[in-house]
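What follows is a set of notes on a single structure, which appears directly below.
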Amino acid sequence: MILPQVLNAVILWVHLLMAVLFVGGSFFMWLVVVPSSRLTTADESERTRITGVIAKRFGRMTNIVLVILVLTGIYNASWYLPSTAALFDTPTGNILLLKVILVGALVLLIYVHNVYFGKKIIQLAREKRLEELKALRKRSRLVSAANLVLMLVILLLAVMLQMPF
C-alpha cells in the first residue's frame, strides 16, 4: 500500500520545511537584521526597538514552527526506530537520542533567552541605560551564538540519520 509512504514523505517534508524556516530565519536575524539595524540608525534605543519588533514577530512564528517540528519529529522517529529500546542500543537510535537531547537544550535556551534577555534589552533601551544595555547585549550574543551552533549540530545529526549503519 502506497498511502503510508506518501504520508511519511509529506510529514518528513513538513518537518524539513519547518527546519528551514526556523534555522534559516535564525541565521537571517543574526546575519542580516541585527547588523542592518546598526546602519539604520545611530540611536541605540531606536535600533533596539526596530530589532525588537522584528524579533517579536519572528518569535511568534518560531513558537508555531517549534511545535510542528517536535510533532513531526516524533512521528518521523516512529519509522526510524523499531522500538523505544532502539534509542539506546542502535547507532541510529543513539544519534536520534542525542538529537532529541540537543533539541530540548535548544528549546530551553531559546525561551530563557527570549524571556530574560529580550525583555531586559528592550527595558534598558527604553530607559536609555546604554552601558548596561551594551553589556547585556554581549551576553545575549553569546547565547544566540550557542543557539546557532546547536542548530547546526542538530542539522548534522539529521543528516547522519539518513546514513546507513
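Each value in this text was obtained by applying a stated rule to the coordinates, not by laboratory testing. Since we're looking at a predicted model, the values are computed, not measured. Counting neighbours? That spans all protein chains shown, and the Cβs are built from the backbone with ideal geometry, glycine included.
Here are a few things to note about the model shown:
- The numbered conditions (1) over 18 Å from Gly59 (Cα atoms); (2) in a helix (DSSP H, G or I) are all true for Met163 except (2).
- Matching residues in the stretch 74-107 - criterion: being without any contact (Cβ under 8 Å) to a residue 12 or more places away in the chain, small (Gly, Ala, Ser) and in a helix (DSSP H, G or I): Ser78, Ala86, Gly104
- Some residue of the stretch 118-129 being part of a helix (DSSP H, G or I), buried (at least 16 other Cβ atoms within 10 Å of the Cβ) and free of Cβ contacts under 8 Å to residues at least 12 places away in the same chain: no
- Some residue of the stretch 62-73 being of a type outside the set (A, V, I, L, M), assigned to a loop (DSSP other than H, G, I, E, B) and either surrounded by 17 or more Cβ atoms within 10 Å (Cβ to Cβ) or touching a residue at least 60 places away in the same chain (Cβ under 8 Å) (or both): no
- The set of residues in the stretch 1-19 being surrounded by 11 or more Cβ atoms within 10 Å (Cβ to Cβ) and of a type in the set (Val, Ile, Thr) consists of Val10, Ile11, Val14.
- Subset tally (residues that are buried (at least 17 other Cβ atoms within 10 Å of the Cβ) and closer than 16 Å to Ile154 by Cβ) for the stretch 24-61: 1
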